[in-house]
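> One structure, pasted below without further comment.
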Amino acid sequence: MMAPTTDNAGQTGDAGTARAALEALRTEIAKAVVGQDPAVTGLVVALLCRGHVLLEGVPGVAKTLLVRALASALELDTKRVQFTPDLMPSDITGSLVYDTRSAEFSFQPGPVFTNLLLADEINRTPPKTQSSLLEAMEERQVTVDGTPRPLPEPFLVAATQNPVEYEGTYPLPEAQLDRFLLKLTVPLPSRQDEIDVLTRHASGFDPRDLHAAGVRPVAGPADLAAARAAVAGTTVSPEITAYVVDICRATRESPSLTLGVSPRGATALLSTSRAWAWLTGRDYVIPDDVKALALPTLRHRIQLRPEAEMEGLTTDSVINAVLAHVPVPR
């Protein structure tokens, strides 16, 4: 058997093929979604790290369309759940249903049994229902009536929330926020991007019909598996590990914060930095990789002091100040 070829980054040809396939996602998703490359990249990083994503943006910026387009381009099964105040945990996880023909209870799987679950407006449902996702997100299984049931692989929760409307919402507690690998902001499009969106709609684009829009599968579970194996082999020097730790410890000492980044957050930053390094074509992590992923990985893991908020500080500005202060390894 011929040995696999090695690309410039020192990784096997399978890994190089997987990287090319994942890079092609941007082009494919752009057929349906205009100008949201950072969010697309964040979702791919989360898939590589087996993490979950919180998408924050005002209504109408294509958060749902983005997740649907990603699932189509990756040939993954996807389901959408609209979170409402009357949603019950069993509406997500599934429940036991009595079968009159067999006179037995059988398990009816809920929408969480999918590859990519879109939890739309997750902060509109009570904490009891929000917490029903915790086991699925952390353990990748659902336990009903004492029986654990594994979820499909890959599995990713993409939860959305509206940053400007808080009436009738239930903010996610810090413990649950910490379960999300990344918090991605989905901004309003630029003027030119918005013109492109309207031009597409005027030409007959239907966001409900991705097949007609030309979105085709360009990668699949096999590519994800090869990519994850390659990411696991990405080298992290002791200096980079120390740099990640120093950044997270600096947030705990910041006078602007009441809550800094936990060790779980430090682990998450190391993981996302490795995935980003591999996506950019390297088999080793550099400080710029850590900086590139610091905001989306850490912004939801810290809490501002009230006086800092009154002064106009944001979580992003505090993290940027920390990055500017912590010495960068050479």
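The values are calculated or read from the model by the stated rules, or taken from the named source; none is laboratory data. Every value quoted in this text rests on a predicted model; they were computed, and no experiment measured them. All Cβ positions, glycine included, derive from the backbone under ideal geometry; neighbour counts span all protein chains shown. Accessible surface is based on the protein model in full, side chains and every heavy atom, while ligands, DNA and RNA are left aside. Shrake-Rupley method; radii C 1.70, N 1.55, O 1.52, S 1.80 Å.
> Is there a residue being modelled with pLDDT under 90 and not aliphatic (A, V, I, L, M) anywhere in the range 49-57?
Here is the first cut: in the range 49-57, the ones modelled with pLDDT under 90 are 57.
Next cut, not aliphatic (A, V, I, L, M) only: 57.
Yes, that holds for at least one residue.
> Being over 25 Å from A39 (Cβ atoms) and in contact (Cβ under 8 Å) with a residue 40 or more places away in the chain, is that true of even one residue in the range 295-303?
Of the range 295-303, the ones over 25 Å from A39 (Cβ atoms) are none.
No.
> Does the range 173-194 include one or more residues that are among the hydrophobic types (A, V, I, L, M, F, W, C) and either farther than 25 Å from G57 by Cβ or open to solvent by 70 Å² or more (accessible area, probe 1.4 Å) (or both)?
Applying the first criterion (among the hydrophobic types (A, V, I, L, M, F, W, C)) to the range 173-194 yields 175, 177, 180-182, 184, 186, 188.
Next, from what is left, pick out any that are either farther than 25 Å from G57 by Cβ or open to solvent by 70 Å² or more (accessible area, probe 1.4 Å) (or both): 188.
Among the residues of the range 173-194, at least one is among the hydrophobic types (A, V, I, L, M, F, W, C) and either farther than 25 Å from G57 by Cβ or open to solvent by 70 Å² or more (accessible area, probe 1.4 Å) (or both), which makes the answer yes.
> Just the residues that are small (G, A, S), open to solvent by 30 Å² or more (accessible area, probe 1.4 Å) and modelled with pLDDT of 85 or more, please, taken from the range 1-21.
Correct list: A20 only.
> Among the listed residues S95, S106, identify the single one that is free of Cβ contacts under 8 Å to residues at least 12 places away in the same chain and among the polar types (S, T, N, Q). First the steps, then the outcome.
Details: S95 fails: free of Cβ contacts under 8 Å to residues at least 12 places away in the same chain.
Answer to the check: S106.
> Still on this structure, I have one more. Among F107, F155, which is at pLDDT 85 or above, more than 29 Å from R274 (Cβ to Cβ) and among the aromatic types (F, W, Y)?
On the way: F155 fails: more than 29 Å from R274 (Cβ to Cβ).
Checking each option against the conditions leaves just F107.
> Restricting to the range 123-149, and then to whatever is among the aliphatic types (A, V, I, L, M) and farther than 16 Å from V53 by Cα, can you tell me which residue is modelled with the lowest pLDDT? Steps first, answer last, please.
Keep residues of the range 123-149 that are among the aliphatic types (A, V, I, L, M), which gives 133-134, 136-137, 142, 144.
If we keep only those that are farther than 16 Å from V53 by Cα as well, we get 142, 144.
Values: V142: 90, V144: 82.
Once the filter is applied, the top-ranked residue is V144.
> How many residues are of a type in the set (S, T, N, Q) and open to solvent by less than 70 Å² (accessible area, probe 1.4 Å) when one looks only at the range 195-245? Give the steps one after another, and end with the answer.
At the first step, the residues of the range 195-245 found to be of a type in the set (S, T, N, Q) are 199, 203, 234-235, 237, 241.
The next check asks that each one be open to solvent by less than 70 Å² (accessible area, probe 1.4 Å); those that pass are 234, 237, 241.
Of the residues in that region, 3 qualify.
> Going by what's in this entry, would A24 be described as touching a His at 6+ places or on another chain (Cβ under 8 Å), within 19 Å of R282 (Cα to Cα) and open to solvent by less than 40 Å² (accessible area, probe 1.4 Å)?
Numbers: touching a His at 6+ places or on another chain (Cβ under 8 Å): no; within 19 Å of R282 (Cα to Cα): yes; open to solvent by less than 40 Å² (accessible area, probe 1.4 Å): yes.
Considered against the rule, which asks whether it is touching a His at 6+ places or on another chain (Cβ under 8 Å), within 19 Å of R282 (Cα to Cα) and open to solvent by less than 40 Å² (accessible area, probe 1.4 Å), A24 comes out as no.
> May I pose another question? Taking the range 142-171 as the search range and keeping residues that are more than 16 Å from the chain's Cα centre (by Cα) and of a type in the set (A, V, I, L, M), which one is least open to solvent (accessible area, probe 1.4 Å)?
Of everything passing the filter in the range 142-171, V142 is least open to solvent (accessible area, probe 1.4 Å).
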